[in-house]
Structures are given as C-alpha cells and as structure tokens.
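Written out below as structure tokens is the structure these notes cover.
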Amino acid sequence: MADSEMNEDVQVGGDMMHVPFRVNDEQVVCHIAGHETLLAVLRDQLGVTEVKYGCGEGACGACVVLVDGKAMASCLTLCASVENADIMTVKAPDPSGLWALLQDRFAAHEAAQCGFCSPGLLASCFALIQRGEKLTRQQIREALSGHICRCTGYHHIVDAVEEVMALWPVMS
Ligand code: FES
Ligand code: FES
C-alpha cells in the first residue's frame, strides 16, 4: 500500500512508523521499519510464535495467517500494509467453533505429525471452508498446493479437510 493510501493512524517518523492492527482480537500498535514483514513483527515483536518461519519467500505456506479473513503469507506481507486489519491465527478466539473442528479432525486423521506446517495450513483451510464451497479431493489439493508438508504425504490432510467440509454447513 502506498503511503498516501495509509490510514492517518499510521504515524511515520524517519524510516519508522507506528502501525495499529488487531491480532486474535487484541489491539496492538507496532513500531516498525517500513520494510518489516508481518511475519517478523508477529514473531519477534509480538511473540505470536504459532506463526512459523519456513522459507521466508512465499513458497511453503508455514507463515499463512488470516488478514481480514483472507489467507495470506505473512512473510510476503509488509506489516505497514495491515494497518487496522484483523489478523487471525490458529490461536484466535473461536466463537464459530471452526478452528476447533479443524484441529480435532486434523488430529483424528493424523494430518498433523511434527506440526510445523499445521498453523499455516489450518489458516488456509479456515478461509476455504468459510467460503462454503464443496470441493473435490483434487480441488482441495489444488487449493492447498501452496503448503508444503514433509510428514503426511497430504493424503491425511485432504481426508481431514474433506470431512470438515461435509460437516461444517450443518454445524455452522
Ligand atoms: S515462510 Fe512464508 S511461505 Fe514459507
Ligand atoms: S506435519 Fe510435519 S511438516 Fe506437516
């Protein structure tokens, strides 16, 4: 986002700026340099370590979070661009129950083994399922193709997502 588009809440001083946003329903204001990524600020400044650093270049999906409901790689997202946004991770308050259902079905299908890929994957699954689409197994694979999992072979992940997709419209 260009400086001219930024909300007046963003205060720029030299190369540093104050950027307000919400993380898992908590209001924060971060003092950042313009080049800092959302991933770096979440992990290093705010201690949101459930968001993982994998490749740092948008290729593995480990760092995916929800930004105003949209799944985004936080390693490719400038923190300055999320002013006043709602950031959600797998630890977000869960009034809908969808985070809990996803985690429960991931556990039941052994779709999380070492667990490194899981927070990012779950964020993408959350966004996908909230859209209410019914996808085939192949479409689920394609929708999650930005995520690398070194443990599961993906089959278990697709099993879990397929089951949640079948359950969710009934439960929501
Ligand atoms: S750490 Fe962001 S996509 Fe790999
Ligand atoms: S469960 Fe280990 S990388 Fe996916």
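The values are calculated or read from the model by the stated rules, or taken from the named source; none is laboratory data. Small disclaimer: the values here were computed from a predicted structure and weren't measured. Counting neighbours? That spans all protein chains shown, and the Cβs are built from the backbone with ideal geometry, glycine included. Side chains are part of the model used for accessible areas, which takes the heavy atoms of the whole protein and leaves out ligands, DNA and RNA. Shrake-Rupley method; radii C 1.70, N 1.55, O 1.52, S 1.80 Å.
What to note about this one:
- Scanning the range 37-55 for residues that are more than 16 Å from ligand 2 (Cβ to nearest atom) and part of a loop (DSSP other than H, G, I, E, B) returns Leu46, Gly47, Val48, Thr49.
- Residues located in the range 43-77, provided they are aliphatic (A, V, I, L, M), farther than 16 Å from Cys125 by Cα and in contact with a helix residue (DSSP H, G or I) (Cβ under 6 Å, 6 or more places away or on another chain): Val48
- Selected residue [of a type in the set (Phe, Trp, Tyr), on the phi < 0 side of the Ramachandran plot and surrounded by 22 or more Cβ atoms within 10 Å (Cβ to Cβ)] from Phe116, Phe126: Phe126
- Here the range 141-157 is the region considered, the condition is being β-branched (Val, Ile, Thr) and farther than 16 Å from Leu101 by Cβ, and the residue that is farthest from ligand 1 (Cβ to nearest atom) is Thr152.
- In the range 45-69, the residues that are of a type in the set (Asp, Glu) and either under 14 Å from Asp25 (Cα atoms) or free of Cβ contacts under 8 Å to residues at least 40 places away in the same chain (or both): Glu57, Asp68
- Selection status of Arg131, farther than 20 Å from Lys52 by Cβ, of a type in the set (Lys, Arg) and in contact with a helix residue (DSSP H, G or I) (Cβ under 8 Å, 6 or more places away or on another chain): no
- From the list Val51, Val10, Val67, Val41, the one residue that fits, being modelled with pLDDT under 95 and open to solvent by less than 20 Å² (accessible area, probe 1.4 Å), is Val10.
- His109 meets the stated requirement of being touching a His at 6+ places or on another chain (Cβ under 6 Å) and of a type outside the set (A, V, I, L, M, F, W, C).
- Of the helices (runs of 4 or more DSSP H) that lie entirely inside the range 117-172, those containing 2 or more residues that are farther than 21 Å from Cys60 by Cβ and modelled with pLDDT of 95 or more span 137-143, 155-171.
- Every condition in (1) part of a strand (DSSP E or B); (2) in contact (Cβ under 8 Å) with a residue 60 or more places away in the chain; (3) crowded, with 20+ Cβ neighbours inside 10 Å holds for Arg22 except the one numbered (3).
- Only residues that are open to solvent by 10 Å² or more (accessible area, probe 1.4 Å) and assigned to a loop (DSSP other than H, G, I, E, B) were counted in the range 99-113, giving 4.
- Residues located in the range 57-92, provided they are within 16 Å of ligand 2 (Cβ to nearest atom) and assigned to a loop (DSSP other than H, G, I, E, B): Ala59, Cys60, Gly61, Ala62, Cys63, Val90
- Applying the criterion of being of a type in the set (Gly, Ala, Ser) and under 22 Å from Glu26 (Cβ atoms) to the residues of the range 78-117, the residue that is farthest from ligand 1 (Cβ to nearest atom) is Gly97.
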